[in-house]
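Here is the structure we will look at.
The values are calculated or read from the model by the stated rules, or taken from the named source; none is laboratory data. None of the values given here were measured: they were computed from a predicted structure. Virtual Cβ from ideal backbone geometry, glycine too; neighbours counted across all protein chains shown.
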């Protein structure tokens with residue numbers, strides 16, 4: 001019987017879709033009386049809303065040369081860096097022993113979810129072998145196979161999957177490529193919806209197009225802005241609003257200012273429901289994705305989405321409840337203009353996507369997680385693998 005879930009992340013609480021998924025799963029597991037704990041490779045960015053103990057893998061890394069800033073601050077005559085280089089091998093040995101001890105102390109009623117490859121990779125490199133712990137270990141990956149290649153995480157994912165009892169991807173369309181790469185058949189476990197399904201009809205009166213998400217290079221927010229800029233004079237009462245934060249924030253803010261009053265930089269928001277409920281439609285034009293949480297969230301609030309087919313999960317979404325934005329800024333601009341001019345199309349897509357997302361409630365998704373754990377742990381303890 002499942003009594004504890006441990007979520008393992010690179011940077012616990014980091015802004016983005018993985019944190020949103022964690023919040024949705026942790027909230028539902030906790031509501032069923034299941035204890036929640038966390039593993040974070042690096043220091044916690046922010047604590048999730050569900051309380052739990054945190055095990056930090058790279059504790060005291062700042063005293064070693066493994067820290068990403070160690071070489072940037074070598075100290076006077078490099079003395080600090082030399083001292084750190086002496087400490088580093090001892091720290092690595094201590095880290096590995098401490099990590100192995102943590103997993104050895106978990107019991108068979110515990111599910112560990114590697115939400116990113118790095119925690120599982122570190123456990124593999126510490127010398128852990130599959131089934132060393134009584135706990136059930138599961139790896140999942142939140143990107144498409146192309147995204148895996150873009151991030152250069154092939155080796156880390158292989159190591160994480162090697163020590164795990166099961167591995168899952170986000171859509172049926174992802175199965176074949178990951179199966180070929182890893183020589184195993186992945187499970188498919190969808191992400192849970194984090195916000196409530198609206199019962200209100202589509203907002204026919206809004207004239208706001210939105211982008212909502214991380215401001216990062218792969219999101220191509222600049223392309224969304226430039227595409228809208230080519231048509232905005234034809235629709236003077238329509239606006240593009242950019243919500244989010246990230247490494248491209250300054251660049252995106254400057255670009256918004258360049259194109260005038262109809263392109264508005266709103267920054268980070270703490271009220272996603274309010275933002276979505278005020279939108280006419282949403283644009284997502286990423287180079288690569290997994291199964292973006294923002295598509296679930298927009299669908300839940302009956303906001304139609306204009307999307308570039310950048311992953312198997314996104315392509316499946318377009319078939320079920322989205323509009324294809326194409327692969328160029330010109331095709332995106334044409335699709336924007338079509339959406340602006342056709343309120344019935346927007347309403348139809350909003351209703352279709354709302355029906356589609358109703359299968360992704362936290363209750364249904366967590367039911368599938370528990371079924372996986374119970375079946376897998378039973379087979380494992382029975383000696384089937």
*Is at least one residue of segment 198-218 in contact (Cβ under 8 Å) with a residue 60 or more places away in the chain, at positive phi and in contact with a strand residue (DSSP E or B) (Cβ under 9 Å, 6 or more places away or on another chain)?*
yes
_Among (1) touching a strand residue (DSSP E or B) at 6+ places or on another chain (Cβ under 8 Å); (2) at pLDDT below 95 - the single one residue 288 does not satisfy_ = (1)
*asked:* Of everything in segment 111-167, what is without any contact (Cβ under 8 Å) to a residue 24 or more places away in the chain and farther than 18 Å from residue 183 by Cα? Give them in sequence order.
replied: 151, 152
*May I ask you to list the residues in segment 243-261 that are within 19 Å of the chain's Cα centre (by Cα) and closer than 18 Å to residue 282 by Cα?*
243, 244, 245
*Tally the residues that are in contact (Cβ under 8 Å) with a residue 24 or more places away in the chain, under 24 Å from residue 126 (Cα atoms), part of a loop (DSSP other than H, G, I, E, B) and out of contact with any strand residue (DSSP E or B) (no Cβ under 7 Å at 6 or more places or on another chain), restricting the search to segment 42-81.*
6
*Go through (1) over 24 Å from residue 375 (Cβ atoms); (2) within 15 Å of the chain's Cα centre (by Cα); (3) modelled with pLDDT under 95 one by one and return the number of the condition residue 199 breaks.*
(2)
*Condition broken by residue 321, with the remaining ones in (1) crowded, with 18+ Cβ neighbours inside 10 Å; (2) over 14 Å from residue 211 (Cβ atoms); (3) out of contact with any helix residue (DSSP H, G or I) (no Cβ under 9 Å at 6 or more places or on another chain) satisfied*: (3)
*Which listed residue, of 189, 157, is modelled with pLDDT under 95 and either within 20 Å of residue 312 (Cα to Cα) or out of contact with any strand residue (DSSP E or B) (no Cβ under 7 Å at 6 or more places or on another chain) (or both)*: 189
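How many residues does segment 239-275 hold that are within 21 Å of residue 347 (Cβ to Cβ) and touching a helix residue (DSSP H, G or I) at 6+ places or on another chain (Cβ under 6 Å)? First the steps, then the outcome.
Kept after step one, since they are within 21 Å of residue 347 (Cβ to Cβ), are these residues of segment 239-275: 239-241, 273-275.
Of the ones still in play, those that are also touching a helix residue (DSSP H, G or I) at 6+ places or on another chain (Cβ under 6 Å) are 240.
Residues that pass the stated criteria total 1.
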*Might you check whether a residue that is modelled with pLDDT under 90 and either surrounded by fewer than 18 Cβ atoms within 10 Å (Cβ to Cβ) or more than 21 Å from residue 157 (Cβ to Cβ) (or both) occurs anywhere in segment 91-104?*
no
*Restricting the first residue to segment 368-379 and requiring it to be on the phi < 0 side of the Ramachandran plot and free of Cβ contacts under 8 Å to residues at least 12 places away in the same chain, which pairs with a second residue that is surrounded by fewer than 19 Cβ atoms within 10 Å (Cβ to Cβ) and not in a helix (DSSP H, G or I) meet a Cβ separation below 8 Å and a spacing of at least six or different chains?*
379/385
*Working carefully through the options 291, 313, 333, find the one that is touching a helix residue (DSSP H, G or I) at 6+ places or on another chain (Cβ under 6 Å) and crowded, with 23+ Cβ neighbours inside 10 Å.*
291
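When you scan segment 109-188 for helices (runs of 4 or more DSSP H) that lie fully inside it, which ones turn up with 2 or more residues that are closer than 24 Å to residue 42 by Cβ?
Numbers: elements: 117-125, 145-151, 154-163, 175-182.
Result: 117-125, 145-151, 154-163.
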*May I ask you to list the residues in segment 69-82 that are in contact with a helix residue (DSSP H, G or I) (Cβ under 9 Å, 6 or more places away or on another chain) and either under 30 Å from residue 130 (Cα atoms) or exposed (fewer than 13 other Cβ atoms within 10 Å of the Cβ) (or both)?*
69, 71, 73, 75
